[in-house]
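Any read-out appearing in this document is the output of simple, stated calculations on the displayed coordinates, not a laboratory observation. If you're wondering where the values come from, they're calculated on a predicted model, not measured in any experiment. Using ideal geometry, Cβ is built from the backbone for each residue, glycine included, and neighbour counts are taken over all protein chains shown.
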Number of protein chains: 2
Amino acid sequence: MRLSTSGFNPQPHEGEKRVLNSELWHACAGPLVSLPPVGSRVVYFPQGHSEQVAASTNKEVDAHIPNYPSLHPQLICQLHNVTMHADVETDEVYAQMTLQPLNAQEQKDPYLPAELGVPSRQPTNYFCKTLTASDTSTHGGFSVPRRAAEKVFPPLDYTQQPPAQELMARDLHDNEWKFRHIFRGQPKRHLLTTGWSVFVSAKRLVAGDSVLFIWNDKNQLLLGIRRANRPQTVMPSSVLSSDSMHLGLLAAAAHAAATNSRFTIFYNPRASPSEFVIPLAKYVKAVYHTRVSVGMRFRMLFETEESSVRRYMGTITGICDLDPTRWANSHWRSVKVGWDESTAGERQPRVSLWEIEPLTTFPMYPSPFPLRLKRPWPPGLPSFHGIKNF
Amino acid sequence: MRLSTSGFNPQPHEGEKRVLNSELWHACAGPLVSLPPVGSRVVYFPQGHSEQVAASTNKEVDAHIPNYPSLHPQLICQLHNVTMHADVETDEVYAQMTLQPLNAQEQKDPYLPAELGVPSRQPTNYFCKTLTASDTSTHGGFSVPRRAAEKVFPPLDYTQQPPAQELMARDLHDNEWKFRHIFRGQPKRHLLTTGWSVFVSAKRLVAGDSVLFIWNDKNQLLLGIRRANRPQTVMPSSVLSSDSMHLGLLAAAAHAAATNSRFTIFYNPRASPSEFVIPLAKYVKAVYHTRVSVGMRFRMLFETEESSVRRYMGTITGICDLDPTRWANSHWRSVKVGWDESTAGERQPRVSLWEIEPLTTFPMYPSPFPLRLKRPWPPGLPSFHGIKNF
DNA sequence: ATGTAGGCGCTACGCCGACAA
DNA sequence: TTGTCGGCGTAGCGCCTACAT
C-alpha cells in the first residue's frame, strides 16, 4: 500500500511514481475531501463515476450507450490501494483506488475490529489566498495576508530593518521554490518578492487562482495551488471518445463485479460533483439508520473560497431515482432539495443521503427499528445484522 | 460532414469546434498520414487502436482484461465522419472518425462507382525545420534556411537595405503570429526577429522541435509545429484507468459490431505506431491480391526528420499472428521483417501487409488466381467477387 | 489591512555582425 | 550555407513607497 502520511520520499525509484505529501494533497483537494482508509469497505457508485467522466469530457452520457443490466447501482468493495497523484503539468490532484467487489459471503463477514489504516486529514496550520491582479502581474510580488504570514511562516527577526528572510517551500512534485519574505512598506506588510514571479509563470497562475502555504509539524513549508474554476477547459482526450470512456468505466465495474476481481478507478476531487466511493459504514448509517422524509429540513457542508467550510440549510422536496431507467433503485443523489438562501442558485438540486445532516428533534440512532426508506432492499447488499462500528 | 479542404472557417459557431485548416493539419501530421475519404469503406483494427491507447497511457494491455471473443480482429466499416482536431494546449493533431460496421448484406453490396469525397493531401509549397539551440534561445531569432525562405515566403524587395518585411502566419487554431522577416548579415541570410520569441515561448518550443511554414494557393502563410519525440510524457489520464480505457475501446467496437451502429474513435497520427483505419480496397489488395512469402524482399516508406519520405528495404522473416491468443487470425502486423541497414535498430520488427511494397519480378495483379496466404478466410469478411476499384 | 500605481535601477531580452563549421 | 558568439541598446521586470479603499 502506498498511502503515505509521512512526508517526502527522498529517493523515488526510477519509473516509480513518487509518494506525494498527503497533507499537501489534502489541502489542495479541499477541506471536504476524504479518502477512505486502505483495507476498509466502501460503496462504489458507477453512476457517480460516470458523472465525473461526463464532467471531464464535458459531454452528457449518450442515450445509445448500452445498459449493463447486471451492474448494480452500488457495489460493496474492499479498498485495496489508494495512491495520491498530481498532474505534472497542471498540479491537478487526483486519487487512484483499487477496488475489489465483495461476494455475498464476504459481505456477510463481520467487519474487522479496527479497520486498517487511518485516513490522512487536512493540515491544521496553513492558509489559502486567492491571487489578485497585483499578485500575478509582473509589476511586483505577492502580498501575504498579515495573520496568515504570522501564523504559517517562520517568525521574522523584527530587530532587523527591514525584517526579511528566505523561505523555501516544496510543491507536490517535491520541487523547491525559494522566496524572499520581507516585512516593509507604510503601513507595514508581509511580501514575497524575489522568486515569486518565477513561481507564477512556472505554474501559469492567473488572477483568481489560489495558492496555499502549509507549515507542518516537521517545520517544513509546503506550497500548493488551486486553479479557479475556469469555464470547462474543453479537452477532448484525443485518446478515447467519451462514449467509449463511459463504456469502459461500466465494463470495468461489471467485469470486476462478475468475477470479484480488482479494478482501478481515478477520482478527481475538484472535477467531480460528489465523492462516489463512500465508506460502507457511512452509507449504511445514512441509508438505513436515518429517517428522512419530504419536507424535512437538513444542513449540508460546502467549501468556501477561502478553503474553509460553511453550512447551508435546505428542505427536502422529494426522494426519487435520479435516473430511473439506467440506474433504478439507486441512492445516488436520490434526494431533491431546495436551498434556503437565494444565493444558492449554484448549489445542486439533488444530493445523496450521506451528504446531508437531517435536522431532527428525536435521537436518530442507535435505533432498534429504524424507519427505512420505502424502497426495496437493493440486490447485492448484505444483511446488516452482524454489523458493528456504528 | 466536416472534412474541410477549403481553408479557414471564418465564423466558428459558439461551442462548435472550428474546422481546422486541413493542409496545415496534414503537414503537422506528417507526409505518410492519410485519412480515408468520408463515405468510403474502411477496415478498422481494434488491436491497432489498442496499441495507440497503450502508447498514450504508456502501459501494456493487462492480461486480466477480458477477451471479447465475439469481436473480430478487423471490422469492415463505413466511414461516416472525419474531423481534424488539434489540442489547444499542445497543438498535437488528431482525427476523430465515426465508423459504422457493415452487416453481411451491406458488405456484399458493390462499391459506389466513385467513392464520396477526396482525401485531402499534403501541401506542396512548405518547409519544415528542426529548431536549433540558437533558434530557441532568448538570445536571438530564427534562422531561416535560404532555399526554404525563397520558396515559401513572399519575395522581399532586395532594393531596400536591408530587405525586410512583416510576415503574418496563422496556426491550427487560427491564431495570428507576426514576424519581422529580414535578410541581412555577412554572409547574407534570412532571419525572423521580432515576434519570434513570443511564438517560441507561447508554444513552449525547445531545441529539437520543428516548425513548418506553408504557403498555400490562396497566398496565406500557415504555421505549424511538431514536437520532438520526447521520452513518453507519462500522462496518467486522471480520468480513467488504462485498463478501463482498453475495455472501453473493445466494448465500443463490440457493441457497434453487434448492433451495426456507429461509434467514434480518435486517431493520433504522431502517437500511433501505425494507422488502424485502412481503406478497404487497400486492405483487400494487400491481403488477397499480393503474394508474399518468407524470404521475400520488400520496400517500405518512412518519414525523415525533414518531413520528407525515404524508402528502407528489408526481408520478410516470418508471417504469423502478433497476438495468437487475443487476436487470432489477424493481419495486423503479421509480417516479421528484418531491415537491411544496421541503423535500422529503431525500426519496428513487425509490419502489416498494406504497409510494405513487396519486390517481385512477375506481375502481381490483376491475377486470376492470386496466391493467398495460408490462413483461413476471416469470419465477417465479405466475398470479394463483385468488387471493382482494383 | 491590502490592492494598485508611480518611480526608477538594472537585468536580460533581443538585434547586430563576426567568425567558423 | 547556417550555427553560435561577443557586442550593445533598451524594454520591461521587479523592488520600493505613496495612496486609496
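Between A:A133 and A:E346, take the C-beta separation as r, use R0 = 30 Å, and let me know the FRET efficiency to the nearest 0.05.
Values: r = 24 Å, r/R0 = 0.80.
Working from the Cβ atoms, E equals 0.80.
For every other residue with a beta carbon closer than 10 angstrom to the beta carbon of A:W339, add +1 if it is Lys or Arg and -1 if Asp or Glu, then tell me the sum.
Details: positive: A:R347; negative: A:D340, A:E341, A:E346.
Residues close to A:W339 contribute a combined charge of -2.
Where Lys and Arg each count +1 and Asp and Glu each count -1, what net charge lies around A:Q220 among other residues with Cβ under 10 Å from its Cβ?
0
Put +1 on the Cβ of every Lys and Arg and -1 on every Asp and Glu Cβ in segment A:132-207; which of A:I182, A:S134, A:F153 then has its Cα farthest towards the positive end of the dipole?
A:S134
Just how large is the dipole of segment B:132-207 about the Cα centre, in debye to the nearest 20, putting +1 at every Lys and Arg Cβ and -1 at every Asp and Glu Cβ?
Details: 11 positive and 7 negative charges, 54 e Å.
Computed about the Cα centre, the dipole is about 260 debye.
If you project the alpha carbons of segment A:308-357 onto the principal axes, what extent comes out on each, in Å, largest first?
35, 20, 16
Any idea what the relative contact order of segment B:132-207 is, in percent, if you count C-alpha pairs under 8 Å spaced at least 6 apart?
Values: 103 pairs, mean separation 25.7, N = 76.
Relative contact order here is 34 percent.
Once amide H atoms are built 1.01 Å from N in the peptide plane, which residues 5 or more positions from A:I319, or in another chain, come under 5 Å H to H?
Placed amide hydrogens put A:K336 under 5 Å from A:I319.
From Cα coordinates alone, what are the radius of gyration and Dmax values for segment A:132-207 in angstrom?
12.6, 37
Provide an ascending nm list, one decimal, of label-point separations from B:G295 to the equivalent residue in each further copy; define each label point as 7 Å from Cα along Cα→Cβ.
9.2
Quick one: with label points 7 Å out along Cα→Cβ, list the inter-copy distances for A:N125 in nm, shortest first?
So the label point of A:N125 gives 6.8 nm to the other copies.
Through the Karplus equation 6.51 cos²θ - 1.76 cosθ + 1.60, θ set to phi - 60°, convert the phi angles of segment B:240-253 into ³J(HN,Hα) values in whole Hz; use x for Gly and Pro.
Each residue's phi maps through the Karplus curve to give 9, 5, 5, 4, 5, 5, 4, 4, x, 4, 5, 5, 5, 5 Hz.
For the rotation bringing B onto A, which B residue has its Cβ nearest the axis, and at how many Å?
Output: B:G248, 1.
Measuring label to label, 7 Å along Cα→Cβ, what does B:K188 give against each other copy in nm, shortest first?
6.7
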